[in-house]
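The values are calculated or read from the model by the stated rules, or taken from the named source; none is laboratory data. This structure is a prediction, so every number in the text was calculated from the model and none was measured. Glycine also receives a Cβ, built like all others from the backbone with ideal geometry; neighbour counts cover every protein chain displayed.
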């Protein structure tokens, strides 16, 4: 297919662009296969380059022959284009509509994007499972890397290499896989060096209504327990939801069959509920005319903050079981690709200082989200302005980022990165020039040949020039476990995302600059003082030598 | 001491509501001014509770482990004790109930508080804030405004300060006549004079008063002339605003009692504007609901947000800030003078004037400046501190968190303008505590006259120099005098979502939650270190000159 077929009017002059916090711009609107571009052709005003993939929905209005298109973006921005000429306006609107909803992944921009920077470190190779297994091997020899899923036939959404208990052979893995939803048998998610406890994740067991059991599955997870110790199974669903799942062949671990495990149910919402929550929240944030009562009641009704609280609470519970109770943990929900990953990845941020560095956080996203098979493409197909029939989109990853932001805000000195990194990840998960978040699992990414045909987000982020923007000036490495407060009054609305386009951040940005300035000045002084101290010490030795000679 | 039945109770358990593990056992001591809990642990950690800060003491039914006692403080700290013997618990309850409700001024803590200052220093301390100097900082007196002796010995209005600033053009007769036409004699006088340095050269002013005694039809030509004089003292403007901070309905209701608001037909060139800040009773109930939200045990997010909405607190904070924004805009952007009043002109009026002043004048955003502002708009203009903050056992209907709301407005502004204020959140919280604590004489009584009659300056100590000496603790590291946010007028957004729950103030029942890292504290530490480095740097640079001056060794910096 040629993009040209979809572009009926590639260019319109005299278009006026309105966008938040910027002066209106009049200029020429151009549509390309992947971008909507508006340029005034003057050096003074910034051009608009908007990825079609970033467009969530559009609305059009007409007053006489002046058409207006409201473009609502997945990053929650809303812009307005005033287009003279009804026909032009209709053409542009229908082209945007078509280009922003392309079905074929291989037509997406990452396949066409050529970086203007030299790729020094290929992000596709930055975080390979073999490497993280080497780290694990240096701490324990209880685990092995299994190739049982080499051709993705055992579990299509898992990567080809999986970390499993050493004593469990591939044959047992196959049997355990047949007992878990989507073949997602229990695998290692995190090893807590401090006390050798582990966190595993899986999908729900397929017990069904007649209480099926699987010896291999039981053996597999029991293999992670120390003699005489009990473990915790954290089911991210309420007991009622888990009961209902039985009717569809799913279920949960029966006490009788897993006597060494204590099961705890939590109440993280399913993805379709989360999507609804996002839509309501953004609606509330975008209406500036709300009275205080209405705003608070809409915020409450959106349930977004409740979702944040529930996810963080569950992650804290998992971390607590491991660090405080000294027990191993298995986490699962239904499919094991959404709430499960929220919990396992947040628990690691709480427990493991390495995950609070930039590299470590990237590795965590790579490990616990991309390779663990979170279906990014499905979940991020639409954002808060979607008005079509909901399919499988849901802000699962955005909620994870929100939770990270909450912890970051409570421990502003314990993270190497700042809020900008989280916002950037949110943007790129929904629309990007990079291939990282395309596809739904490792197998799909392989088929799409993303590592050959597209650039990795990490190749770009990890360039020193870019990294600077994401560094937290307050960072002081903190090797402790950090326990966030999950009290409602400690959890705030993430303004950096949800009010980003509604209020100017000039004063807050200035405060950030001021902070950077104070810290840089301090470093500068330290360097000066250190060099003087060295010179002084040198002079003293010289003096001593002179005195000795005399 | 006659109120203390049991001065010492052993084996008392101080309960941490959130983490039982952190509860501790110790001994409870009752003194005439404080209750002190000393832990049995190695560290002998002490917790001091000032009796004048106690809001109420509640005893829960005795259970197998003892008699629980909850002490709630006016600064929202909550202490939960478990006393082994019911009798001891009843004794402590009776003592604290009496000690926390002094009946006479003489019983207040400030009269026994003795920080070991000699007489001379104490007197000097009371001169730390000088309102005359403040008016002269504003450029008053000038050719348009001067001080009047009309309230000498408080003969015109006993709740006003003795020195009042009025338009030069207002004759003594007009001043007296206007006072007679205003509730409690609180005539329109100058609160803030805005000298614009921009090319506009606006010289608009903020004046304040109580409501006029209009009833349904009464008028006073003196009062009308007074307003005319105020308007005329701003030569570039053709009208002035009268901001009635009450909801219009309340203002109308007052007419039946012979009070009310200005009739626009009688006063030339005024524009009347109602703002809709609710009365003290609404505010008191609202804050109580907010406190209840903070005290909920393990609330869900919905409980919390619903409680926050239901309390109406943030709505009221928004109303106060909106009033300040309206006044500041009129004065700074339109160059129009404003007269602000409510009913008596000592609660909502003080809020609106002082919030507007903080927005207009960077000086009031400094540590010293905020002290001056509180001294001017609140203390000297007869805000009824002792009534509002229940210093004495009295009418509970007089109690209301008026000052709390002002401090919170400043805090909300700090969230929007992090570099604009020299002080930090801790300063506001400290001020809040002292407004209630009665440790110093500054906030005792209900007006200047009462404070004079109590001879507070001779018998008590002033808070301000004490706070000033400790200003390092209250400094915002992001503040720089040459920063753009510390210049000119602040224009905050007052969209609903800009207002936040003040966790530092109302979330204090949750004290066990590990005090999380504060960026401000980190930055202060960094700045302190920088200062030391600067000193070391300059001392290093001096060393060679001192020791080997003659040798001219290769040392530069």
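Annotations
- For region A:27-125, the strands (runs of 3 or more DSSP E) that sit wholly inside it and include 3 or more residues that are over 19 Å from residue A:457 (Cβ atoms) are A:35-39, A:55-63, A:66-73, A:78-84.
- Test: residue in region A:453-460 that is part of a loop (DSSP other than H, G, I, E, B) and at positive phi: no
- Given (1) more than 14 Å from the chain's Cα centre (by Cα); (2) in contact (Cβ under 8 Å) with a residue 24 or more places away in the chain; (3) surrounded by fewer than 20 Cβ atoms within 10 Å (Cβ to Cβ); (4) within 21 Å of residue A:120 (Cα to Cα), index of the condition residue A:461 fails: (3)
- In region A:298-305, the count of residues that are surrounded by fewer than 24 Cβ atoms within 10 Å (Cβ to Cβ), free of Cβ contacts under 8 Å to residues at least 24 places away in the same chain and within 17 Å of residue A:494 (Cβ to Cβ) is one or more.
- Scanning region A:1-15 for residues that are in a strand (DSSP E or B) and surrounded by fewer than 18 Cβ atoms within 10 Å (Cβ to Cβ) turns up A:11, A:13, A:14.
- Selected residue (criterion: modelled with the lowest pLDDT) from residues of region B:513-542 that are more than 24 Å from residue A:517 (Cβ to Cβ) and more than 7 Å from chain A (Cβ to nearest Cβ): B:515
- Boolean, residue A:205 is under 19 Å from residue A:369 (Cβ atoms) and touching a helix residue (DSSP H, G or I) at 6+ places or on another chain (Cβ under 8 Å): no
- Extreme residue, farthest from the other protein chains (Cβ to nearest Cβ), among residues of region B:278-316 that are within 17 Å of the chain's Cα centre (by Cα) and farther than 30 Å from residue B:16 by Cβ: B:280
- The requirement of being away from every other protein chain (no Cβ under 13 Å) and in contact (Cβ under 8 Å) with a residue 40 or more places away in the chain is not satisfied by residue A:474.
- Strands (runs of 3 or more DSSP E) completely within region A:159-252 that count 1 or more residues being farther than 20 Å from residue A:364 by Cβ: A:162-165, A:231-235
- Answer residue from region B:445-469, given it is assigned to a loop (DSSP other than H, G, I, E, B) and under 18 Å from the mean Cα position of the chain (by Cα) and is nearest to residue B:525 (Cα to Cα) among those: B:463
- Complete set of residues in region A:278-297 that are crowded, with 21+ Cβ neighbours inside 10 Å and free of Cβ contacts under 8 Å to residues at least 24 places away in the same chain: A:284, A:292, A:295, A:296
- Cβ pairs under 9 Å, 6+ apart, first in region A:507-536 and more than 7 Å from chain B (Cβ to nearest Cβ), second loosely packed, with under 12 Cβ neighbours inside 10 Å: none
- Pick from region B:381-409, criterion in a helix (DSSP H, G or I) and out of contact with any helix residue (DSSP H, G or I) (no Cβ under 6 Å at 6 or more places or on another chain), ranking: nearest to the other protein chains (Cβ to nearest Cβ): B:404
- Meets criteria (away from chain B (no Cβ under 13 Å) and buried (at least 23 other Cβ atoms within 10 Å of the Cβ)) for residue A:317: no
- Entry remark, region A:268-295: residues being under 22 Å from residue A:334 (Cβ atoms) and within 12 Å of chain B (Cβ to nearest Cβ) number 1 in total.
- On inspection, residue A:220 passes the criterion of being touching a helix residue (DSSP H, G or I) at 6+ places or on another chain (Cβ under 9 Å), surrounded by 22 or more Cβ atoms within 10 Å (Cβ to Cβ) and in contact (Cβ under 8 Å) with a residue 12 or more places away in the chain.
- Single residue of region B:490-512 satisfying the filter (modelled with pLDDT under 90 and more than 9 Å from every other protein chain (Cβ to nearest Cβ)) that is farthest from residue A:290 (Cα to Cα): B:512
- Considering only residues in region A:484-506 that are in a helix (DSSP H, G or I) and under 24 Å from residue B:476 (Cβ atoms), the one that is nearest to the other protein chains (Cβ to nearest Cβ) turns out to be A:489.
- Residues of region A:165-203 satisfying the condition of being more than 16 Å from residue A:323 (Cα to Cα) and touching a strand residue (DSSP E or B) at 6+ places or on another chain (Cβ under 7 Å): A:165, A:166, A:170, A:173, A:179, A:180, A:186, A:187, A:188, A:201, A:202, A:203
- Among the residues of region B:251-278, those identified as exposed (fewer than 14 other Cβ atoms within 10 Å of the Cβ) and either part of a strand (DSSP E or B) or touching a strand residue (DSSP E or B) at 6+ places or on another chain (Cβ under 8 Å) (or both) are B:264, B:269.
Condition check ((1) surrounded by 17 or more Cβ atoms within 10 Å (Cβ to Cβ); (2) outside the structural domain of residue B:465 (by the TED database); (3) not in a helix (DSSP H, G or I)) across all residues:
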site: B:67; (1), (2), (3): yes, yes, yes
site: B:72; (1), (2), (3): yes, yes, yes
site: B:80; (1), (2), (3): yes, yes, yes
site: B:95; (1), (2), (3): yes, yes, no
site: B:110; (1), (2), (3): yes, yes, no
site: B:124; (1), (2), (3): no, yes, no
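- Within region B:292-348, tally of residues that are at positive phi and out of contact with any helix residue (DSSP H, G or I) (no Cβ under 8 Å at 6 or more places or on another chain): 2
- Taking the listed residues A:284, A:315, A:347, the one that is in a helix (DSSP H, G or I) and under 27 Å from residue A:246 (Cα atoms) is A:315, with no other qualifying.
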